[in-house]
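For reference, the structure discussed in these notes is given below.
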Amino acid sequence: MAVYNPKSLKAEEFINDEEIRATLEYAEANKNNVELIDSILEKARPVKTDRGCVCSGLTHREASVLLACEIPEKIEKMYEIAEEIKLAFYGNRIVIFAPLYLSNYCVNGCLYCPYHLKNKHIPRKKLTQEEVKAEVIALQDMGHKRLAIEAGEDPVNNPIEYILDCIKTIYSVHHKNGDIRRVNVNIAATTVENYRKLKEAGIGTYILFQETYHKESYLKLHPTGPKHDYDYHTEAMDRAMEGGIDDVGLGVLFGLEMYKYEFAGLIMHAEHLEAVHGVGPHTISVPRVKRADDIDPDAFDNSISDEIFEKIAACIRIAVPYTGMIISTRETEEVRSKMLKIGISQVSGGSRTSVGGYTEKERPHDTEQFDVSDQRTLDEVVRWLMENGHIPSFCTACYRAGRTGDRFMSLCKSGQILNCCHPNALMTLTEYLEDYASDETKAVGYKMVEEELERIPNPKVKETAKQNIEDIKASNRRDFRF
Ligand code: SAM
């Protein structure tokens, strides 16, 4: 039987079923152990030092105790600490992105996904490079600077060369004042050689959702196709890092399996990356299964309530404080609102999940991957964020300045965020306001920018940021960054 070892490169050893089960038993046995819970909460709190804030994070066992705990006042404390951590490391900035669906050809048999091979009534579509260009122009015209590209797995229709061509096309389009400055990639697990090619193409984060860490369920949920190979899928992030990709994004598709099992697996995966590569995941996404063509979410009996969903997010925030957290338009405005407060640092906005959806006037549903709950425009999302005290950020500076992997993490820990990420957010927000926003959004935005500029501690940085913002307003000069 496999023995738990976070440093191992074998899936069954770093995501070890026996260790997860022991963790769940430990969490259940201690869910009312107030003394232990208090000590875990104390450990989780950010500590202020003269060089910024530090946070120790939690082990998967400690974090699982918090998730199991049902004592209302302790849950309140978790939310409080999650918010404290969020503000300490991410401030009130929220990074904005949009997904871009390239192709829905897929050879896998994933039971929850409408792109599965046996779905014969979904039209199959793959963008040509001309169509990619048109989609990118439409996205730039909305104001987007950061994309996550999505594709099904199909070695004939969507080989790595196709994905690389698309990335090249995306980066080459400069329409009016627009450009896409960071392309994150969400494609199926692949080889070290292909990850190296993605790295060379200049991608930001490589995102791959585990879907479920529970091997037996995984095998049933992915009955056919290359994705059936649990070990190959689970070990993908190690290959990505071997191929030179510094920033990787994890995720679980909540609803497929028992959430406590998934949560322990997710934190163990983060611990594994830290133990082997010296740097944890750059982001964690928290998608929930949605209705889609040929997919009824009720067919999966592990769906979770909004309340549990929020508790999971708070526990992730506490356990891995330096990892960004992403929520998509799968969720409603109401759920997104609560999640922002307790830890989310990136949201998508104005998303269309169909292949070629951005160039259509009306939202198309025929090739959609899932129903979008938050159907507001990007302008509406940006305004809503600001009205709730968040700064929408279109910043892509870190990755372009080489601050990836552990270099990004050290910026996060250094307390320099208010002198770096904060002004970058304000400058990119000003670009958005100037080039794309409605008058109503502009009014809210400029007021926010003015107020927030005063919070920059370093006087020199503050002066430069103010000057750059004036330049953005007065000319076509763009893309300033610290
Ligand atoms: N094809 C790639 C793969 O297999 O990893 C990734 C791209 S896929 C377009 C992105 C993600 O969408 C999947 O990893 C899955 O978690 C999610 N997804 C699939 N079907 C979904 C559904 N019905 N509701 C919500 N999310 C879904």
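Number of residues in segment 140-153 that are buried (at least 16 other Cβ atoms within 10 Å of the Cβ) and over 19 Å from PHE370 (Cβ atoms) equals 6.
Inspect segment 209-217 for any residue being among the hydroxyl-bearing types (Ser, Thr, Tyr), within 16 Å of the ligand (Cβ to nearest atom), out of contact with any His (no Cβ under 8 Å at 6 or more places or on another chain) and part of a helix (DSSP H, G or I) and give the result as yes or no. First the steps, then the outcome.
Kept after step one, since they are among the hydroxyl-bearing types (Ser, Thr, Tyr), are these residues of segment 209-217: 212-213, 217.
Those left that are additionally within 16 Å of the ligand (Cβ to nearest atom): 212-213, 217.
Among the residues that remain, those that are also out of contact with any His (no Cβ under 8 Å at 6 or more places or on another chain) are: 212, 217.
From the residues that got through so far, the ones that are part of a helix (DSSP H, G or I) too are 217.
For segment 209-217, residues among the hydroxyl-bearing types (Ser, Thr, Tyr), within 16 Å of the ligand (Cβ to nearest atom), out of contact with any His (no Cβ under 8 Å at 6 or more places or on another chain) and part of a helix (DSSP H, G or I): present.
Looking only at segment 218-241, filter to residues that are away from the ligand (no atom under 11 Å from the Cβ) and within 21 Å of the chain's Cα centre (by Cα); which one of those is surrounded by the most Cβ atoms within 10 Å (Cβ to Cβ)? Among those residues, the one meeting the criterion is ALA240. Is segment 190-203 home to any residue that is within 12 Å of the ligand (Cβ to nearest atom) and either of a type in the set (Asp, Glu) or at pLDDT 95 or above (or both)? Scanning segment 190-203, I find at least one residue that is within 12 Å of the ligand (Cβ to nearest atom) and either of a type in the set (Asp, Glu) or at pLDDT 95 or above (or both), so the answer is yes. Would you confirm, using the coordinates I've provided, whether LEU117 is surrounded by fewer than 22 Cβ atoms within 10 Å (Cβ to Cβ), at negative phi and within 13 Å of the ligand (Cβ to nearest atom)? So LEU117 passes the test. Within segment 33-54, residues that are free of Cβ contacts under 8 Å to residues at least 60 places away in the same chain reach partners that are among the small types (Gly, Ala, Ser) and surrounded by fewer than 18 Cβ atoms within 10 Å (Cβ to Cβ) with beta carbons closer than 6 Å, at six or more positions or on different chains, in the pairs LYS43/SER56.
Does segment 307-323 include one or more residues that are under 22 Å from VAL185 (Cβ atoms) and among the charged types (D, E, K, R)? No - not one qualifying residue is present in segment 307-323.
For segment 112-170, a residue qualifies if it is part of a helix (DSSP H, G or I), under 22 Å from PHE97 (Cα atoms) and of a type in the set (Val, Ile, Thr), and the qualifying residues are VAL132, VAL136, ILE137, ILE163, ILE167, THR169, ILE170.
Of the residues that sit in segment 120-139 and are of a type in the set (A, V, I, L, M, F, W, C) and within 14 Å of the ligand (Cβ to nearest atom), which one is surrounded by the most Cβ atoms within 10 Å (Cβ to Cβ)? Even if it seems obvious, please write down each step before you answer.
Looking only at segment 120-139, we keep the residues that are of a type in the set (A, V, I, L, M, F, W, C), and these are 122, 127, 132, 134, 136-139.
This time we only want the ones that are within 14 Å of the ligand (Cβ to nearest atom), so: 122, 127.
On the way: ILE122: 18, LEU127: 21.
Here the answer is LEU127.
Looking only at segment 270-280, how many residues end up being surrounded by 23 or more Cβ atoms within 10 Å (Cβ to Cβ) and either within 16 Å of the ligand (Cβ to nearest atom) or assigned to a loop (DSSP other than H, G, I, E, B) (or both)? Result for segment 270-280: 1. For segment 304-319, the condition holds for at least one residue, the condition being that it is assigned to a loop (DSSP other than H, G, I, E, B) and surrounded by fewer than 24 Cβ atoms within 10 Å (Cβ to Cβ). Take the residues in segment 69-114 that are aromatic (Phe, Trp, Tyr) and more than 16 Å from the ligand (Cβ to nearest atom), then tell me which one is farthest from LEU411 (Cα to Cα). Among those residues, the one meeting the criterion is TYR79. Within segment 454-482, the set of residues being surrounded by 16 or more Cβ atoms within 10 Å (Cβ to Cβ), part of a helix (DSSP H, G or I) and of a type in the set (A, V, I, L, M) comprises VAL461, ALA465, ILE469, ILE472.
When VAL248, VAL286 are checked against the criterion of being in contact with a strand residue (DSSP E or B) (Cβ under 7 Å, 6 or more places away or on another chain), of a type outside the set (Lys, Arg) and more than 20 Å from LYS10 (Cα to Cα), a single residue qualifies: VAL286. Could you list, in sequence order, the residues of segment 246-269 that are within 15 Å of the ligand (Cβ to nearest atom) and part of a loop (DSSP other than H, G, I, E, B)? Selection gives LEU253, GLY255, LEU256, GLU257.
The values are calculated or read from the model by the stated rules, or taken from the named source; none is laboratory data. Predicted, not measured: the structure shown is a model, and the values here were computed from it. Backbone-built Cβ (ideal geometry, glycine too); neighbour counts: all protein chains shown.
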